Amino acid sequence: MTAHIETHAPEVGHSSHADGGDPRIQIAESLKFERSEVRDFELADKAAGQMMGKLLAFLFCVLLFLMSGVNIWMIKNASTGTDPQAPVTTEAAPGHH
């Protein structure tokens with residue numbers, strides 16, 4: 001049973017790696033991930049981050065366009081009088097109380 005446990009136990013603490021590179025690679029290798037799997041994950045993660053950035057930039061531009069359109073419409077259609085929703089008051093003639 002000990003041999004079975006040793007074959008499935010994660011190997012931790014390898015100091016024999018000559019590359020001395022990224023510690024995430026060493027941890028992934030100790031968890032039995034292949035180096036190519038880790039690289040593929042990093043590339044997919046980078047691509048997903050870039051796509052999220054593009055999506056956020058696109059949404060920012062759309063909102064900027066909409067806000068500009070609303071401001072232009074408000075300037076063109078600005079009322080020159082009083083507030084149309086203000087209550088109407090009639091002034092009494094002088095001398096009538």
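The values are calculated or read from the model by the stated rules, or taken from the named source; none is laboratory data. Just so it is clear, the structure is predicted and the values come from calculations on it, not from any experiment. Virtual Cβ from ideal backbone geometry, glycine too; neighbours counted across all protein chains shown. Surface areas here come from the heavy atoms of the whole protein model, side chains and all, with no ligands, DNA or RNA. Shrake-Rupley method; radii C 1.70, N 1.55, O 1.52, S 1.80 Å.
Give me the residue from region 10-64 that is modelled with pLDDT of 80 or more and of a type in the set (S, T, Y) and, out of that set, nearest to the chain's Cα centre (by Cα).
Looking at residues that are modelled with pLDDT of 80 or more and of a type in the set (S, T, Y), I get S36.
List every residue pair whose Cβ atoms lie under 6 Å apart, where the two residues are 6 or more positions apart in sequence or sit on different chains, the first residue falls within region 12-30 and is over 16 Å from F41 (Cα atoms) and open to solvent by 80 Å² or more (accessible area, probe 1.4 Å), and the second residue, located anywhere, is modelled with pLDDT of 75 or more and not aliphatic (A, V, I, L, M).
Short answer, once both residue conditions are applied: V12/S30.
List, please: which pairs have Cβ atoms under 9 Å, are six or more places apart or on different chains, and start with a residue in region 34-54 that is aliphatic (A, V, I, L, M) and end with one that is assigned to a helix (DSSP H, G or I) and open to solvent by 100 Å² or more (accessible area, probe 1.4 Å)?
V38/R24
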